[in-house]
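Just below is one structure, and these are the notes that go with it.
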Amino acid sequence: MLECPDFIEFSSGTYEILNDCYGEDPRHPVIETGSYSIEKGIIAFTERRPKQESFLSGDAKSQNLEFHRSEDSIKLVAGSNVFYFVTEGEVR
């Protein structure tokens, strides 16, 4: 279990990555924002605007990861890196 895990909030084609330890605003600790789309098992994070380093790493304007959704979690895969997130609600 990570002490300060990243969280992702998805909303109408946009996303925010939050982290309680690194976000500047303790009430809404956003460390990255951008757009996303999901197609054929790939999630594309585009128009990335990182404020702090997140699980996505780097400063590329876009990044594609394998996307696997189960009933209660999301698994994102980037090469040998695998990231798991517990879900609340739907991601489309």
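Figures for the structure shown
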quantity	calculated
Scope region 55-92; condition among the small types (G, A, S), in a strand (DSSP E or B) and under 26 Å from E24 (Cβ atoms); matching residues	A78
Residue match in region 50-57 (condition: of a type in the set (F, W, Y), closer than 15 Å to E9 by Cα and in contact (Cβ under 8 Å) with a residue 40 or more places away in the chain)	yes
Residue among S57, S73 that alone is at pLDDT below 95, open to solvent by less than 60 Å² (accessible area, probe 1.4 Å) and in contact with a strand residue (DSSP E or B) (Cβ under 8 Å, 6 or more places away or on another chain)	S73
Pick from region 5-40, criterion closer than 17 Å to Y84 by Cβ and out of contact with any strand residue (DSSP E or B) (no Cβ under 6 Å at 6 or more places or on another chain), ranking: modelled with the lowest pLDDT	P5
Selected residue [touching a residue at least 12 places away in the same chain (Cβ under 8 Å), part of a loop (DSSP other than H, G, I, E, B) and either within 23 Å of H68 (Cα to Cα) or open to solvent by 70 Å² or more (accessible area, probe 1.4 Å) (or both)] from P26, P5	P5
Evaluation of Q52 against (1) in a loop (DSSP other than H, G, I, E, B); (2) open to solvent by 90 Å² or more (accessible area, probe 1.4 Å) (one fails), failing number	(2)
Checking E88 against (1) among the acidic types (D, E); (2) in contact with a Leu (Cβ under 8 Å, 6 or more places away or on another chain); (3) open to solvent by 40 Å² or more (accessible area, probe 1.4 Å), the condition it does not meet	(2)
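The values are calculated or read from the model by the stated rules, or taken from the named source; none is laboratory data. Keep in mind that this is a model prediction, so the values were computed, not measured. Please note: Cβ atoms are built from the backbone with ideal geometry, for glycine as well, and neighbour counts cover all protein chains shown. In case anyone asks, the SASA skips ligands and DNA or RNA and just uses the protein heavy atoms, side chains included. Shrake-Rupley method; radii C 1.70, N 1.55, O 1.52, S 1.80 Å.
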